[in-house]
Amino acid sequence: MSENLLQYINNPTDLRKLELSQLPQLAKELRDFIIDIVSVKEGHLGASLGVVELTIALHYVFNTPEDLLVWDVGHQAYGHKILTERKDKFHTNRQLGGISGFPKRGESIYDTFGVGHSSTSISAALGMAIASQLKGEDRQHIAVIGDASIASGIAFEGLNHAGVTDANLLVILNDNAIGIDPSVGALKQYLTSVKEGKNPKQNNMIKSLNFDYSGPIDGHDLPKLLSELERLKKVKGPKFLHIITTKGKGLQQAEDDQVKYHAPGKFDKTTGEIHPKSEEHLPPKFQDVFGLTLVELATNNPKIIGITPAMPSGSSLKFMMDAFPNRAFDVGIAEQHAVTLSAGMATQGMVVFCNIYSTFLQRAYDQVIHDVALQNLPVIFCLDRAGLVGEDGATHHGVFDLAYLRCIPNLIIHAPKDEIDLRNILYTASLGLEHPIAIRYPRGRGKYPSSKFQVLNSKFRTIVIGKAYELKEGTKTAILSTGFIGNNVTLALDKISNSDAIAHYDFGFVKPLDESLLHEIFASFEKIITIEDGVIKGGFGSVIIEFASENNYTTPIKTLGIPDVFIEHGTVEELQKICGIDVESIMELLSK
């Protein structure tokens, strides 16, 4: 059995049959297994490598799944999945029909709580602990949270409540000083002082919240981990274990460049070198168009501010942080704070670009309504990763924004059809608007197969707020698209024989709506089709149906978009096909 331990481990029961002396070998095999598959299949690498020893120790000491284990965010849960009956399916990770890249209740009894967004583990595990107490069940409840995630408001809310309970809760702080980008803020500085022994024990903030605090200890030292977990298992009430780990542990390149190896794409499993991708003739990424355009605008306007909650690399705000460090802010995993901070700056005449992934803006909905729109403050929300995002799946698709934003008074909503449009709406917004605006754009690249330099040298053009445009003439059917998905319509129309009968209009502005053009369209066409890469219910199609109803038009309207289900993981192309908004599906519909 000593030649390969992992092949015999299918679940935690098998794991607990091993001798303590065998666990370091298993840790090495588990790391190698993760590296082997992620190097070919892609995924979140660094976080899972960093918690291999912790993952083994937790399942070895605790009686999972009877004892309830909650992983925060879930980037680090690959080892957990492999040890909990999914080893043979792990190669399907993040693929259509395969296992999810995040813990998911419907996938396994060992996944006690579905995650994907950060900082929920403490509240969820506390809820489980209180429920167990009420039911008279003797169970352990463990929340594993990172140093970036614990800085979020909901994590503090959970700690604050847990400290006044006698719930059987263990919070494990996996402290590696990094989320996706390096952790920021005063809490990070506090944790660093604790690690370096500069903070007196009597000033420990966790102890002050009535937790039994222990640590910090080396999270890669299995004997220490096992010993401390065994001790804590016998301690009643809320407990807190602070462990120090290295993100990317066991792959030198991943340790040396933790940002790049968070999710590195395909790489050589032996050398760790990331397989190079030729980007010379590819369109630029939307996030880079945003980031570099913002630097260009900020160069000429000292009032421009950039704000992002923990996504400087993912949003490309990093370009502005490098160019204007005193005017670009990473506020950590704190979407609510990011929005209200933006509102505060806007009251003082600053031109604030608040960049948040579409799926994460959901966490700051009240602030968008109450602190921005109600006061009519011209904050510029830049919603990256709008629409279907692909392999990260249901927790990360930015498909709800059109529906949840368009009902908010004062808010302008724009979806650029390409990267040139994005540059122009950013420019237009920078000149000063009377209302807040949400600009949504997709993950990935634009449409122009030229160098990033050429696109970013295009001359700025002011966009007329609320104006829609005819992209193609037609006689019988009008297609109304919003945003980048309209390019699928253009491609489909180029390939069908009856395209002369079909007109195509770009409604970049979902709000305000170009009602004068809509009156012309309803008066001229026999049928109308809407298409969006957001949810059909309440989205752009609903806007058009409402307009028709209010104006007594009876023209048949067909709406295309995301159906009323949560769309799982797969490539963007696969998911568009499932939703019927890929080029082939549009061609088939229009050819009938």
Residue-by-residue Karplus 3J(HN,Hα) for the stretch 385-396, coefficients 6.51, -1.76, 1.60, Hz, glycine and proline x: 6, 6, x, 6, 9, x, 5, 6, x, 4, 6, 10
The chain - percent relative contact order, Cα under 8 Å, separation 6 or more: 11
Set the bar at 28 Å for Cα to Cα. Now go through 188/224; 266/459; 239/260; 188/269; 28/195; 81/318 and name every pair that lies beyond it. 266/459; 239/260; 188/269; 81/318
Rounded, prolate or oblate: which one fits the stretch 1-151, using the alpha carbon gyration tensor with axes a ≥ b ≥ c (rounded when a/c is under 1.5, else prolate when a/b beats b/c, else oblate)? oblate
Once you sort the root eigenvalues of the Cα gyration tensor of the stretch 439-592 as a ≥ b ≥ c, which label holds: rounded (a/c under 1.5), prolate (a/b larger than b/c) or oblate (the other case)? rounded
Tell me, what ³J(HN,Hα) does each residue in the stretch 490-506 have, in order and in whole Hz, if you take phi through Karplus 6.51 cos²θ - 1.76 cosθ + 1.60 with θ = phi - 60° and put x for Gly and Pro? 4, 5, 5, 5, 5, 10, 10, 7, 9, 5, 4, 7, 10, 9, 9, 10, 9
Amide H proximity to residue 171 below 5 Å, modelled H, separation 5+ or other chain, gives 143, 239, 240, 241
Between residue 407 and residue 584, how many nm apart are label points set 7 Å from Cα along the C-beta direction? 3.7
If amide hydrogens are placed 1.01 Å from N in the peptide plane, which non-local residues have theirs closer than 5 Å to the one on residue 532? 560, 561
So how much slack lies between residue 217 and residue 269, counting 0.36 nm per residue of separation and subtracting their Cα-Cα distance, in nm? 15.8 nm
If I model a spin label at residue 32 and residue 366 as a point 7 Å from the Cα along the Cα→Cβ vector, what separation in nanometres do I get? 5.1
Give the shape of the stretch 286-380 as rounded, prolate or oblate, defined through the alpha-carbon gyration tensor: a ≥ b ≥ c are the square roots of its eigenvalues, a/c under 1.5 means rounded, and otherwise the shape is prolate if a/b is larger than b/c and oblate if not. oblate
If you work out Rg/Rh (Cα atoms, Kirkwood Rh) from the coordinates, which of [x] 1.03; [y] 1.00; [z] 0.97 do you get? [y]
To the nearest 500 deg cm²/dmol, what mean residue ellipticity at 222 nm is calculated for the chain from DSSP H runs of n ≥ 4 alone, each contributing -39,500 (n - 2.57), summed and divided by the residues? -10000 deg cm²/dmol
Segment residue 233-residue 166, extension gain: residue separation times 0.36 nm, minus the distance between their alpha carbons: 22.7 nm
Place a label point 7 angstrom from the Cα of residue 282 along the Cα-to-Cβ direction, then list the residues of the stretch 15-43 whose backbone nitrogen is under 18 Å away. 39-43
Given R₀ = 56 Å, FRET efficiency for residue 190-residue 552 by Cβ-Cβ distance, to 0.05? 0.35
So if each residue of separation counts as 0.36 nm, and I subtract the Cα-Cα distance between residue 501 and residue 134, what length gain in nm does that give? 125.5 nm
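Each value in this text was obtained by applying a stated rule to the coordinates, not by laboratory testing. Nothing here was measured: the structure is a model prediction, and the numbers come from that model. A quick note on method: Cβ atoms are made from the backbone with ideal geometry, for glycine too, and the neighbour counts reach across all protein chains shown.
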